[in-house]
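A short write-up of the structure that comes next.
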Amino acid sequence: MKLVIIGGVAAGASIAARARRLDEFAEIIVLERGHHVSFANCGLPYHIGGVITDRSRLLVQTPESLRDALDLDVRIGQEVVSIDRAAKTVTVRRVDDGTEYTESYDALALTPGAEAIRPPIPGIELPGVHVLRRMGDMDQIKARLDALLTEAAAGRRGPVRAVVIGAGYIGLEMAENLRHRGAEVDVVELADQILPPLDHELSVPVEAHLRSRGVAVHLETGAAALREAASGLDVELTNHTVLHADLVILSAGVRPNTDLARAAGLELGPHGGIAVDTHMRTSDPHIWAAGDSVETPGTVLPGTALAPLAGPANRQARVAAENICGRDTEYRSTQGTSIVKVFDMVAGGTGATQRQLRTAGIAHRAVHVHPSGHAGYYPGTAMMHLKVVFDPETGRLLGSQVAGFDGVDKRLDVLATAVRMGMTVFDLEELELAYAPPFGSAKDPINMAGFVASNVVRGDLDLWYAEDYPAAVEGARVIDVRTPEEFSIWHLPGAENVPLDTLRAVCGDWDTSTPIRLYCAVGFRSYLAYRALRQRGFTDLKTLSGGSTTFRSWHELDEADAPVRREPMENYAEAHSLFALAPTGIGASIDLDCTGLACPGPIMKLAEAANAADAGDEITVHVSDPGFAADAPAWVKRNGHELVSIEPEGPGYVAVIRKGGAGAMASARPTGGATVSGPGKTSFVVFSGDMDKVLASFIIANGALAMGEEVSMFFTFWGLNALRREQPPKRQKKLMDRMFGMMMPSGANDLPLSTMNMAGMGPLMIKNVMTQHNVPSLPELIASAQAGGARLIGCTMTMDLLGIAPSDLLDGVELGGVATFLGEASESTTTLFI
């Protein structure tokens, strides 16, 4: 079989790779018009923003790596210009020189992807206007941004200004990354909300967060024209606002690239994409298609739709490859699960939105809950906005959306699985999900959404909705069951304040036939009030879904009844050291990332950075190890530095440390009989040959080195085995030496545990756990100690007794006896026997 694939990136490369795994002898050719066959296009904004610093990490595969690993013929810079279905050939144009050739096929796979929409407005082709689809686009944008920021830093121009047209996922990712780099950013969106894939009330908290980070948002307006200005471009909006920009990013959506398919006479779907069956086969039995250019059935909504997402593209590619190779595999549907990070906030959805269900005429109900991402008493959480829509009769889950700060992704994944499996809101009630205070609550947000939705289906709860206001409360008593303090800050016009704790006492003389509309902050207290009133005979009773939190989001009000849409915060980049440290005028600013490193890794890295820095330099260090909160002040004090600030960040901390001068360091060292308050000397006797004890020795030793202390380690008897080479040079040994050599561990990797050795299984388990937690291995700690200047001394008497020669030991190990150790100990402030 000869398989020709038109297009690379996600779908094309995946078809090729899967086909090779199924057919070792097929001839597989990939024709890619660009110059990168497989790259992480979802990562492009983050390289522009400097989050992903190494460009090469975005290159998933190269023609060479695909040839070497999978024997694929990958040709970049090769554009297919026509398909002859009758002859089963394609005409290929070499992009670099314009020459053409013909390639035959037995099976053809189309993965041309999608192209950015360029609205037909004046000036859209000006040089300063960019789209972001490929590596080349990224390189151009980054180069331009780098040049502008360099000029601004040198004082040759003012702040860099960028306009992003489109507030979808890519548009907001670009806005965030441009802002991280220090640019002033305006986002322009034709719709009345950002994030069109979400329902309105879920987008508003994200919009408020975006504005709080200094991004200006212009909704219900578009770009009318772009004109060259004295410096940069002027972007005139349809509302007649004019924005000046040095950089314009078009992110107005994509359209399927179907020119080839249309010209070849292949059937297209109602939305302009390539029509395929469940085997990803087109209307031609010899041609398959996958990725952003195809239409597939929806999991919830009727008909077919386009879904330019990487996950579906890869699954479609796998199905196409399997059917090309003779298997019978089906791609059933696309549910459109997606997620986006916007500064510190995360939002996403799966299945159908309420807006889509209304358009399709599908009966549904919705509930809103606002739990915390994890247990409220454990630090680092915040309110989450979670919405589920479901069938009012069966409770089948139709879709869900989540916005918040922590735990959004895992809730969204659970809900995506539930939609895929056809689960109901009753199933959400029963899900047993992982719980510990840092990760969730005993009643997980998923369970909470299930509880509320199930109550609605069972008839135990009736809801009114923010979007139906004021019609939903006409002719009804509106009862606010929050506290008087909450009520005084904000309440619905005409509402009565009846706090929950007084409701039962005062409702006795109410007319049970009067319509009552309840609300509270998030819906829980009003639910309690609802149940109390319902069981007292009240018949026309409803409570506000999601409470005032959802209401304010829908109507874009904050707690003070003021519009959410305000002017952006000024000087965000300068005010937030996480993204850009403000100059202090004292020294240079150094950013140090120690996240993922276990103790003593952060202190060791910090010591290295401080040693390389000059007095007055400031080091901003990001650490995920909670113990750093205690280690950092001690390290700073003992080394004569200054702890400028230390604040929580995720599971760990971000600290700013200013390096002290040489005088400060010298004054911190001990003199005469003075109390030791600075770096001294620590000596060890390492007698044990147990892995855990030797590991502890080197952890402490590296920590002491990082604290600026001198370290000497005297290895005697079984401890000396830690310094043995795994494969020493061969030499003649006496019988007794050979026997000792066979019985003793051959180096650090061969040491047993003091307890739970379990015939060698214990050390293997410990090493695996160390790897998972980014704890350096014992050989790495030994090498680090040597690199830090520790003296590793082998006891010569022990060497004679056990038949160990100097050549049996690691490079750099010194030889010495008791006198050597005692001399070191006499100069030490601390001596440890392990």
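Since every read-out is calculated from the coordinates, none of them should be taken as a lab result. Quick caveat: nothing in here was measured; it's all calculated off a predicted structure. Reconstructed Cβ throughout: ideal geometry from the backbone, glycine too, with neighbour counts over all protein chains shown.
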With +1 at each Lys and Arg Cβ and -1 at each Asp and Glu Cβ, the charge dipole magnitude of the chain around its Cα centre, to the nearest 20 debye, comes out at 1360 debye
Over 24 Å between C-alpha atoms is what I'm after, so list which of K410/K443; K605/K767; K387/K443; K142/K605; K387/K410; K659/K693 land there.
K142/K605; K659/K693
Nearest 20 debye, what's the magnitude of the dipole of the stretch 1-59 about its Cα centre given +1 on Lys and Arg Cβ and -1 on Asp and Glu Cβ?
80 debye
Shape descriptors of the stretch 344-459 over alpha-carbon atoms, Rg and Dmax in angstrom, are 13.5, 44
Could you tell me the calculated FRET efficiency between C42 and A229, based on Cβ-Cβ distance and R0 = 35 angstrom, to the nearest 0.05?
0.60
Give me the dipole magnitude in Debye, nearest 20, for the stretch 681-833 about the Cα centre, with unit charges on the beta carbon: positive for Lys and Arg, negative for Asp and Glu.
480 debye
Which one, F714, A352, V30, projects farthest toward the positive side of the charge dipole computed for the chain from Cβ point charges (K/R +1, D/E -1)?
F714
A434-K2 pseudo-label distance in nm [points 7 Å out on the Cα-to-Cβ vector]
5.0 nm
Equivalent ellipsoid, the stretch 29-118 (semi-axes from 5 times Cα gyration tensor eigenvalues, Å)
28, 16, 12
Got a sec? Charge dipole of the stretch 681-833, +1 on Cβ for Lys and Arg, -1 for Asp and Glu; which of C795, I700, T829 is way out at the positive end?
C795
Could you work out how far the C-alpha centroid of the stretch 504-546 sits from that of the stretch 751-829, in angstrom?
72 Å
R0 of 51 Å, Cβ-Cβ distance V242-A263: FRET efficiency to nearest 0.05
0.80
Highest-first arrangement of 219-226, 289-296, 92-99, 158-165, where packing means the average Cβ count within 10 Å:
289-296, 158-165, 219-226, 92-99
Apply 1/(1 + (r/R0)^6) to the Cβ-Cβ distance of D106 and R420, taking R0 = 35 Å, and write down the FRET efficiency to the nearest 0.05.
0.55
Pull out the extension gain between R156 and D71, defined as 0.36 nm times the separation in residues minus the alpha carbon to alpha carbon distance; nm, one decimal.
25.4 nm
L528-D277 pseudo-label distance in nm [points 7 Å out on the Cα-to-Cβ vector]:
6.0 nm
Longest DSSP-loop-exposure-free segment, chymotrypsin sites (Phe, Trp or Tyr not before Pro), the chain, at most 11 other Cβ within 10 Å:
378-834
The chain: calculated mean residue ellipticity at 222 nm from DSSP helix runs of at least 4, using -39500 (n - 2.57)
-9000 deg cm²/dmol
If I take the Cα coordinates of the chain and project them onto the principal axes, what are the three extents in Å, biggest first?
95, 85, 64
Gained length - I834 relative to Y377, 0.36 nm times residue gap less alpha-carbon distance:
160.5 nm
Could you tell me which residue out of A223, L243, A143 lies farthest along the dipole of the stretch 129-252 toward its positive end? Charges go on the beta carbon: Lys and Arg +1, Asp and Glu -1, centred on the Cα centre.
A143
Counting only backbone N atoms under 12 Å from a point 7 Å out along Cα-to-Cβ of R94, the residues of the stretch 68-87 in range are 76-79
Between A471 and R355, what length comes free when the chain is fully extended (0.36 nm per residue of separation minus the Cα-Cα distance, one decimal in nm)?
39.8 nm
Given points 7 Å out from each Cα along the Cα-Cβ axis, report the I339 to A505 separation in nanometres with one decimal.
4.7 nm
Those GluC sites (Glu not before Pro) from the stretch 99-134 that are DSSP loop and have at most 13 other Cβ neighbours within 10 Å turn out to be E125
